[in-house]
Amino acid sequence: MTFEAQLKAYQNAFDVVDLVVSSVLTLELVLRLFGFGLVMLMSFWNSFDAIVVVGTLVLSLWSFTSENGTGSAIATLLRMRPILRIFRIVVVFERIKQRSAALKHAHRGSALQTPIETVLGTLYELRYHPSIKPSVQSEIDYAIYTIKNNKLYDAGEHMLNGQNIDKDTQDWLRDGLLRKNDASAVTPSPAAADVGAGTTDPDDKVGRPAGVGGLRKENSGITDELFPLVETARHHFNELMATVAEWDFDVFRVQEITKGNALTHMGYFLLRDLVEEHLLLDAHTLAVFLIEIQQGYVVLNPYHNAMHAADVMQTSNYFATRSAIAPFLRPLDRTLVLLAACIHDYKHDGFNNGFHIASGSELAIRYNDTAVLENFHVAQAFLTMKSSNCMLFSKLSTDDYKYSRDMLIQLVLGTDMAKHFEDVALFKANIMPQSLDERLEIKTLGDKKMLMKMIIHTSDVSNPAKVRVTMLRWTDRVVEEFFGQGDKEKTLGLVVSPFMDRTTLALKKMQLGFADFVVSPLFHVWANISHQVQVDGYTTLLDNREWWNQRDDNFKHAQIKGVVKDLLQDATVASGLLSRKLSTGSLPMVREGDGRAPASQAESDGGGSNKLELVVKETNKGGGTSDGPTSTTAP
């Protein structure tokens, strides 16, 4: 056999083998397309592999069927087969590389894998699956990055991307709600460093400097004995307390009736039965505790004062007594919710965490720029209970005491606005029913703790969802306190915090931003949990937001009092008309079953005692001043 004949025989055999291999690879490609669909070709390497396989098969068929003497063009094409085979090898190596990466991440934890390692391993395997689109692969890459860097519930700059948000609102979000605990890069000026100086223990005094309207002055006017309210005031108080579990409860009226002692009276009303039955304490201890706590609130703070604590306590009671929520709270849990509301801003100085951090105050140094005021409030509350002989948990078992202390700490720390977006995301992901036909389920202690934290946090920021006159009265007080901080920041040479400059405040913008980014997401979750919250709070919030949206862009803080006055006058006129109709019997008859009935006993009573009693005959010495409540009386 001549050399040419041998070469031709080898060439024919090679062509047959090449055709068989190409056919097998083509069959594999067809099966993959059948199994994964055309979406597989959206990957560059899969598309490139398909082109190489099909091209190799075509050239193999061409070589096998063509005869010698075929034109030079075909001969040139046939010489491309080795190049295609090299490309095929490159594709194979890339697949091996991807698969090795997936296996490496999937099994790096060996037998003792943590849940996060298991999740990441699954995502890595999914990432390199041939049917995954490149766009989905990018999203998986982002998911892997987010999990690895513990950013699942982190609200960062990406929250602002693509949003039509004005600069003032962006600055406010960055300053308060998106701030990280270690993000303060402000070097305290010598003047700023003096804030809170001069105290031997930063926990002994808030250390608010004099000069901002004398706001350091504390609640006083405590008499030597606790007397019940006069008969007329007692009657009005009891009438109000009959509605304490309702959303439109008027805490301002309670403050008026009790002569500035809404916190002690309402706290006693809501807590007495719970404290006696579940903390095993007498009413005297509770009364002493409430007096001590109310004394600690700075009465001249426009907003963060004892009446705000009373408002948060009443609103927390509203949430805790909804029929969808109450079954998950033990009596001890409900007691802790009310106590947390009572102390959550204890000894607040009227400045926010950002001010303390930027000014380098002693409190910021003590608590390492982390939830500065929240840590201070709860620590001071426990110190007060201990030093004033009114430790509410003294008769609890060791386990219940540990549970109660931990829960109180977590509930108060949960009011830190820097954790707002993270907590709302967790609340939505873990607690909120995912469909309309699902009910609230609390499966773990962690779930219950989250539920209780969000009750306190929501109540703390619920003012925009209250009836309009109440909403505006709180807005007036918030802005006044903001202006006080802004003035002090100017005095200390600090950057004025967003919405705290009295010369540039855009009130409408501030209210819309707070409603849209803080309050509305919270109430959206609650509306999916409780229909009553949707009807009472969420609907009112949306109405108030629309009211603000219709205001002129130049609507000023000074105009609020006029609007409040008009609303109160309208309410008085309406009340007078109703009274006359009732006295003449001109109201239409209401059939049984008409009107809104409570969904459960928990929703209808709101807890607490139905009468006021003289409970303490013990001296509680304190300074007297005309600026504080005229008396502090126990129910």
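Quick check on Phe351: is it crowded, with 21+ Cβ neighbours inside 10 Å, assigned by TED's automatic domain parsing to the domain that holds Ala326 and in a loop (DSSP other than H, G, I, E, B)?
Details: crowded, with 21+ Cβ neighbours inside 10 Å: yes; assigned by TED's automatic domain parsing to the domain that holds Ala326: yes; in a loop (DSSP other than H, G, I, E, B): yes.
So Phe351 passes the test.
Here is a list of conditions, (1) of a type in the set (A, V, I, L, M); (2) under 23 Å from the mean Cα position of the chain (by Cα); (3) under 30 Å from Ser361 (Cβ atoms), and Leu445 meets all of them except one; can you say which number that is?
So Leu445 meets the others, but not (3).
Could you check Pro498 against (1) part of a loop (DSSP other than H, G, I, E, B); (2) at pLDDT 95 or above; (3) touching a helix residue (DSSP H, G or I) at 6+ places or on another chain (Cβ under 7 Å) and say which number it fails?
Going through the list (1) part of a loop (DSSP other than H, G, I, E, B); (2) at pLDDT 95 or above; (3) touching a helix residue (DSSP H, G or I) at 6+ places or on another chain (Cβ under 7 Å), Pro498 breaks only (2).
Being under 21 Å from the mean Cα position of the chain (by Cα) and not acidic (Asp, Glu) is true for just one of Leu440, Leu396. Which residue is that? Explain how you work it out, then say what you get.
Details: Leu396 fails: under 21 Å from the mean Cα position of the chain (by Cα).
Matching residue, one of Leu440, Leu396: Leu440.
Restricting to the stretch 437-466, count the residues that are in contact (Cβ under 8 Å) with a residue 24 or more places away in the chain and loosely packed, with under 15 Cβ neighbours inside 10 Å.
Counting residues in the stretch 437-466 that are in contact (Cβ under 8 Å) with a residue 24 or more places away in the chain and loosely packed, with under 15 Cβ neighbours inside 10 Å gives 1.
Got at least one residue in the stretch 316-333 being in a helix (DSSP H, G or I) and of a type in the set (Val, Ile, Thr)?
Step one: list which residues in the stretch 316-333 are in a helix (DSSP H, G or I), which gives 316-320, 326-328, 331-333.
When the remaining residues are screened for being of a type in the set (Val, Ile, Thr), the result is none.
No: the stretch 316-333 contains no residue that is in a helix (DSSP H, G or I) and of a type in the set (Val, Ile, Thr).
Going by what's in this entry, would His420 be described as touching a Lys or Arg at 6+ places or on another chain (Cβ under 9 Å), at negative phi and not aromatic (Phe, Trp, Tyr)? Before the answer, list the steps.
On the way: touching a Lys or Arg at 6+ places or on another chain (Cβ under 9 Å): no; at negative phi: yes; not aromatic (Phe, Trp, Tyr): yes.
Against the criterion (touching a Lys or Arg at 6+ places or on another chain (Cβ under 9 Å), at negative phi and not aromatic (Phe, Trp, Tyr)), His420 does not qualify.
From Ala358, Ala371, Ala379, Ala418, which residue is of a type in the set (Gly, Ala, Ser) and at pLDDT below 95?
Values: Ala358 fails: at pLDDT below 95; Ala371 fails: at pLDDT below 95; Ala379 fails: at pLDDT below 95.
The unique qualifying residue is Ala418.
Residue-by-condition table, conditions (1) over 27 Å from the mean Cα position of the chain (by Cα); (2) more than 20 Å from Val467 (Cα to Cα):
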| position | (1), (2) |
| --- | --- |
| Leu240 | yes, no |
| Thr264 | yes, yes |
| His284 | yes, yes |
| Val298 | no, yes |
| Tyr303 | no, no |
| Ala310 | no, no |
| Pro327 | no, yes |
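For residues in the stretch 356-381 being under 20 Å from the mean Cα position of the chain (by Cα) and assigned to a helix (DSSP H, G or I), which is surrounded by the fewest Cβ atoms within 10 Å (Cβ to Cβ)? Outline the logic, then answer.
Filtering the stretch 356-381 for residues under 20 Å from the mean Cα position of the chain (by Cα) gives 369-375, 377-378.
Filter once more, so that each one left must be assigned to a helix (DSSP H, G or I): 372-375, 377-378.
Working: Val372: 25, Leu373: 26, Glu374: 23, Asn375: 20, His377: 23, Val378: 23.
Only one residue fits best here, namely Asn375.
If you go through the stretch 225-268 one residue at a time, how many are in contact (Cβ under 8 Å) with a residue 40 or more places away in the chain and among the basic types (Lys, Arg)?
2
The values are calculated or read from the model by the stated rules, or taken from the named source; none is laboratory data. Keep in mind that what you see is a predicted model, and the values were worked out from it rather than measured. Don't worry about glycine lacking a Cβ; one is built from the backbone with ideal geometry, like all the others, and counts go over all protein chains shown.
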